[in-house]
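Colleague: Here you go, one structure.
Please treat every number below as a calculation from the coordinates, not as lab data. Only a predicted model underlies this, so the values are computations on that prediction, with no experimental measurement involved. Backbone-built Cβ (ideal geometry, glycine too); neighbour counts: all protein chains shown.
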């Protein structure tokens with residue numbers, strides 16, 4: 001629901017292009033009939049006492065005797081003549097009636113166009129809904145992508161127990177891993193990994209660098225949620241059902257901290273060398289800091305393995321679920337169950353789209369929520385109900401009443417006027433030379449000179 005603005009614009013223009021020419025054509029026909037009637041009205045009426053140009057008297061150049069009344073041989077009473085004159089010249093619509101019919105037609109066509117535009121607008125306007133999408137499927141190919149926009153970026157975080165962390169990616173990548181290794185052991189690390197220990201116990205290691213624990217230890221993002229322009233979460237299942245997840249970040253500098261919560265051994269492997277650290281008490285995140293890659297480059301990829309109660313969270317205004325197999329529940333809107341490998345595109349107002357990927361031994365759960373989801377699209381189309389769908393019981397009668405009052409009724413009046421005029425129309429007026437020729441032929445037939 002982007003916004004959903006702009007959906008249905010081609011349909012609105014098609015309605016306008018179709019309705020306006022029809023209205024103009026009907027108005028032109030009415031105007032043509034009105035012009036023909038005005039020309040007839042300009043001629044003197046035969047029943048009014050003066051001869052018209054088309055009459056025999058006009059053709060002969062003289063008025064008939066008082067006692068003659070055409071074919072009847074006598075002059076009709078004044079009342080009858082007046083009635084006949086009304087039937088000949090005033091039986092059809094008046095000039096103002098013609099203009100009124102034309103105005104009604106044009107107005108009805110415009111109102112019809114407004115009705116179509118209004119229907120399309122209501123059918124492509126989406127009010128926010130409450131979204132809940134969940135799945136417990138561990139099928140391969142699933143991926144969660146959270147994307148920020150120009151105003152609001154994405155945020156992400158991780159917490160839980162992992163047995164292995166691998167940082168890899170482009171040479172320009174940069175990430176910081178804070179280890180529970182005292183700075184006093186920097187010399188030992190230097191000797192084993194063949195790197196220099198910088199000021200404050202900072203080690204710069206090449207990509208990839210792997211951190212392995214003898215038993216799963218706690219890992220968390222420093223400071224809670226961290227900023228990024230895009231976050232990709234790709235769950236995976238390795239040999240013997242081991243769970244893992246790959247975190248691909250864009251526009252971020254991840255800073256993670258490892259806690260040793262019990263007796264364990266940490267092995268750092270980089271550049272073909274390794275360093276084992278044995279400890280039982282040092283648990284703080286103020287020891288040696290490992291920087292992988294160079295600052296300012298593209299963030300590397302974080303690969304987490306040996307997961308035990310790991311939870312990854314993210315917030316963003318938009319997201320995409322690839323290979324999603326689960327259910328999507330909208331309130332209002334109902335519940336939809338997606339098939340295998342479905343792609344679901346999501347948008348929410350502000351930074352209101354949250355995703356949570358939770359791993360426990362033997363299972364994983366993905367949950368995506370939003371209190372103001374504006375768009376949920378799949379291969380079947382938009383799942384968020386339109387404003388028309390949600391309020392059809394209100395907008396349906398309103399639109400029906402509007403069309404009846406301002407489209408059907410005016411067109412009925414205009415069609416009635418047009419039908420009446422067509423019944424009385426004698427066809428197009430003949431040119432003057434043809435009328436003169438016809439009059440001369442009638443005179444010759446009567447033997448007049």
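Colleague: Please give the length that would be gained between residue 408 and residue 96 if that part of the chain were fully extended, namely 0.36 nm times their separation in residues minus their C-alpha to C-alpha distance (nm, one decimal). Could the numbers behind the result be given before it?
Modeller: Values: separation 312, 0.36 × 312 = 112.32 nm, distance 2.12 nm.
Once the chain is fully extended between residue 408 and residue 96, it gains 110.2 nm.
Colleague: Also: Just the Cα atoms of the range 136-185, one point each, no solvent: what log10 I(q)/I(0) does Debye give at q = 0.14, 0.16, 0.18 Å⁻¹?
Modeller: Evaluating at q = 0.14, 0.16, 0.18 Å⁻¹ gives log10 I(q)/I(0) of -0.74, -0.93, -1.10.
Colleague: Please find the FRET efficiency linking residue 415 to residue 159, where r is the Cβ-Cβ separation and R0 is fixed at 56 Å, and quote it to the nearest 0.05. Could you put the intermediate results ahead of the total?
Modeller: Working: r = 74 Å, r/R0 = 1.31.
Rounded to the nearest 0.05, the efficiency is 0.15.
Colleague: I need the calculated FRET efficiency for the pair residue 237 and residue 320, taking r as the beta carbon distance and R₀ as 22 Å, to the nearest 0.05.
Modeller: Details: r = 21 Å, r/R0 = 0.97.
Approximately 0.55, to the nearest 0.05.
Colleague: What distance in nm separates the simple spin-label points at residue 379 and residue 199, each placed 7 Å from Cα in the Cβ direction?
Modeller: Taking the two extended label points, one gets 5.8 nm.
Colleague: Shifting gears a bit: Note down the nm distance, to one decimal, between modelled labels 7 Å out along Cα→Cβ at residue 331 and at residue 137.
Modeller: 2.5
Colleague: For the range 129-386, what is the Kirkwood hydrodynamic radius in Å, using each pair of distinct C-alpha atoms?
Modeller: Details: mean 1/r = 0.0522 Å⁻¹.
Result for the range 129-386, one decimal place: 19.2 Å.
Colleague: According to a simple spin-label model (label point 7 Å from Cα along Cα-to-Cβ), what is the distance in nm between residue 285 and residue 391?
Modeller: Reported label-point gap for residue 391 and residue 285 is 4.8 nm.
Colleague: Starting with the fewest neighbours, write out 109, 403, 393 ranked by other beta-carbon atoms found within 10 Å of each beta-carbon. Don't skip to the answer; put the middle values down first.
Modeller: Numbers: 109 23, 403 18, 393 7.
Fewest-to-most Cβ neighbours within 10 Å comes out as 393, 403, 109.
Colleague: Could I ask something else about it? Quick one: 214, 207, fewest Cβ neighbours within 10 Å first, how do they rank? List each step's numbers first, then the result.
Modeller: Working: 214 13, 207 22.
So the residues, fewest neighbours to most, are 214, 207.
Colleague: Taking Cα pairs under 8 Å and at least six residues apart, what relative contact order does the range 129-386 come out at, in percent? Mind showing how you got there, number by number?
Modeller: On the way: 773 pairs, mean separation 81.6, N = 258.
It rounds to 32 percent for the range 129-386.
Colleague: A further question follows. Once R0 is set to 22 Å, what does the formula 1/(1 + (r/R0)^6) return for the Cβ-Cβ distance between residue 255 and residue 152, expressed as a FRET efficiency to the nearest 0.05?
Modeller: 0.55
Colleague: Using a 10 Å cut-off on Cβ atoms, rank the peptides 97-104, 196-203 from the highest mean neighbour count down.
Modeller: Values: 97-104: 19.1, 196-203: 14.4.
With the highest mean Cβ count within 10 Å placed first, the list reads 97-104, 196-203.
Colleague: Fewest Cβ neighbours within 10 Å first, please rank 267, 374, 135 accordingly. Kindly include the intermediate steps, with their values, before the conclusion.
Modeller: Numbers: 267 14, 374 23, 135 20.
If I rank by nearby Cβ atoms, fewest first, I get 267, 135, 374.
Colleague: Just the ratio, please: alpha-carbon radius of gyration of the range 312-395 over 2.2 N^0.38 Å, N its number of residues. Before the final figure, lay out each step's value.
Modeller: Numbers: Rg = 14.0 Å, N = 84, 2.2 N^0.38 = 11.8 Å.
Here the answer is 1.19, to two decimals.
Colleague: Can you give the extra length, in nm with one decimal, that the chain gains between residue 188 and residue 215 once fully stretched, where that is 0.36 nm per residue apart less the Cα-Cα distance? Kindly include the intermediate steps, with their values, before the conclusion.
Modeller: Numbers: separation 27, 0.36 × 27 = 9.72 nm, distance 2.25 nm.
Full extension of this stretch gives 7.5 nm more.
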